[in-house]
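Here the structure is laid out as structure tokens; the discussion comes afterwards.
Please treat every number below as a calculation from the coordinates, not as lab data. Please read these numbers as outputs of a predicted model, since none were measured by experiment. We place every Cβ from the backbone using ideal geometry, glycine too, and count neighbours over all the protein chains shown.
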Amino acid sequence: MADLDSTNKYPVMGISIEKLKPKRVRKNIELTLWERLYIFEIVRGMTITTKHFVVNMFGFILPPKGKKRAIITVYYPEEKVTLPPAYRGRPVLVMRENGTEKCVACGLCESICPASAISIIAEERENGERYPSSYSLDMSRCVYCGFCEEVCPKEAVVMSAEYEGLAKRDRNSLHYTKEMLLRPEKSVKDRLEYIRGIYSKCNY
Ligand code: SF4
Ligand code: SF4
């Protein structure tokens, strides 16, 4: 599908992708007295917000000559951002190199989905392997919780970085079939590495 391009490598808001790589969440941070007073932190936050506002506004009006643009916003859709692997976009099905789906139609994602957005029909191949003859996802119901990805024993469904084409006037056009959801494994490589990290360490 033309609107599902996930190959762009632009930095996000001027921040390199390297810096956006997921870090461990620090849960037990002790606030300093300075931070506990809050007022200074509020002032610091307002200063950052104001700085971005001023840079964006004057960047549009007076672009610096011969210099790189200082504007922080992205000219979407001409420019697109590469989202960090922690981003949960449209769930997609992972495809093997031979073009078949990794899904074994166990039904766990269908059972756990809180929005009942997934419907699967399971069948068996001649070699006894299970596969979904039909896998449909109703994106008008999906709440992007990622439970389907978390529960899948085969890394067969993952939350991709796809965010385009999800707002439609016709709800029926948000029904995705298996063929529409299949993506080559390499296109979701970053997300797969990320979920291996978070689900195997389980730090929450
Ligand atoms: S992300 Fe959540 S709501 Fe969406 S299909 Fe997966 S389990 Fe269902
Ligand atoms: S949990 Fe994974 S293997 Fe099982 S039906 Fe869903 S996508 Fe397929």
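Let me have the relative contact order for the stretch 84-201, percent, based on Cα pairs under 8 Å that are six or more residues apart.
36
Let a ≥ b ≥ c be the square roots of the eigenvalues of the Cα gyration tensor of the stretch 74-115; is it rounded (a/c under 1.5), or, if not, prolate (a/b larger than b/c) or oblate?
In terms of gyration-tensor shape, oblate.
Using +1 on the beta carbon of Lys and Arg, -1 on that of Asp and Glu, and nothing else charged, what's the dipole of the stretch 84-201 about the Cα centre, debye to 20?
That gives the stretch 84-201 a dipole magnitude of about 340 debye.
When you count, for each residue, the other Cβ atoms within 10 Å and take the mean per peptide, how do 135-142, 146-153 rank with the highest first?
The peptides rank, most packed first, as 135-142, 146-153.
If you wrap a convex hull around the C-alpha atoms of the stretch 75-183 and split its volume per residue, what is the figure in Å³?
Roughly 118 Å³ of hull volume per residue.
Restrict the search to the stretch 74-109; then list the trypsin sites (Lys or Arg not before Pro) that DSSP places in a loop and that have at most 13 other Cβ atoms within 10 Å of their Cβ.
Sparse-neighbourhood loop trypsin sites (Lys or Arg not before Pro): Arg96.
Provide, as a two-decimal number, the C-alpha radius of gyration of the stretch 65-134 over 2.2 N^0.38 Å, N being how many residues it has.
Its radius of gyration relative to the 2.2 N^0.38 Å reference: 1.83.
Across the stretch 131-140, in residue order, what do the Karplus-derived ³J(HN,Hα) couplings come to in whole Hz, using 6.51 cos²θ - 1.76 cosθ + 1.60 with θ = phi - 60° and x for Gly and Pro?
Running phi through 6.51 cos²θ - 1.76 cosθ + 1.60 with θ = phi - 60° gives 7, x, 5, 9, 9, 10, 10, 9, 6, 6 Hz.
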